[in-house]
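Peer 1: Below you will find the structure I want to go over with you.
The values are calculated or read from the model by the stated rules, or taken from the named source; none is laboratory data. Treat the numbers as computed from the prediction; the structure is a model and nothing was measured. Every residue, glycine among them, receives a Cβ derived from its backbone with ideal geometry; neighbour counts consider all protein chains shown. Calculation scope for accessible area: heavy atoms of the full protein, side chains included, ligands and nucleic acids excluded. Shrake-Rupley method; radii C 1.70, N 1.55, O 1.52, S 1.80 Å.
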Amino acid sequence: MATFKGFTTLDRVKAPFTVTDTELIKRDLLNEFYTKKGERVMRPNFGSIIWDLLMDPSDDSLVSAVTDDIQRIVAKESRVELLDLTVYVADHAISADVVLNYLPFNNSESLYLIFEKQINEGIE
């Protein structure tokens, strides 16, 4: 029997839309990571600032800001514990390898995050 139960329509063409346990926890974290901070109505603190940092110069302060934001989001989720975090910065992209321990199940897994600036050429 599932400990946690929810639903998602992301990456689903038809029912069932049910997700459970670690899949639900991952989906909840990804929802916050891939939402730009301030984008949700009535929830100004939901989301990540990483989207605003994509074009910033690559230096220690950028890596520190990304690390702090990832730690902040993971700390809000009581069902996981952050084990390790590695941030990579490239041209127009920031990625992170986040190793999490899913506390109710006592298993660890990597969550790989990619934030890329979409460059659309030829748009009128």
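Peer 1: State the number of residues belonging to the stretch 31-48 that are at pLDDT below 90 and in a helix (DSSP H, G or I).
Peer 2: The number of residues fulfilling the criteria is 1.
Peer 1: Criterion first (acidic (Asp, Glu) and touching a His at 6+ places or on another chain (Cβ under 9 Å)) does Glu116 satisfy it?
Peer 2: Numbers: acidic (Asp, Glu): yes; touching a His at 6+ places or on another chain (Cβ under 9 Å): yes.
Criteria met by Glu116.
Peer 1: Could you list all residues from the stretch 27-48 that are loosely packed, with under 15 Cβ neighbours inside 10 Å and β-branched (Val, Ile, Thr)?
Peer 2: The one that is loosely packed, with under 15 Cβ neighbours inside 10 Å and β-branched (Val, Ile, Thr): Val41.
Peer 1: Kindly indicate the residue of the stretch 64-81 that is open to solvent by less than 60 Å² (accessible area, probe 1.4 Å), of a type outside the set (Ser, Thr, Tyr) and over 11 Å from the mean Cα position of the chain (by Cα) and also farthest from Lys26 (Cα to Cα) among those meeting that condition. Spell out the reasoning first.
Peer 2: In the first step, residues of the stretch 64-81 are kept if they are open to solvent by less than 60 Å² (accessible area, probe 1.4 Å); the result is 64-67, 69-70, 73-74, 77, 79-80.
When the remaining residues are screened for being of a type outside the set (Ser, Thr, Tyr), the result is 65-66, 69-70, 73-74, 77, 79-80.
Going one step further and asking which of them are over 11 Å from the mean Cα position of the chain (by Cα), we end up with 65-66, 77, 79-80.
Working: Ala65: 22, Val66: 19, Glu77: 10, Arg79: 10, Val80: 10 Å.
So the residue we want is Ala65.
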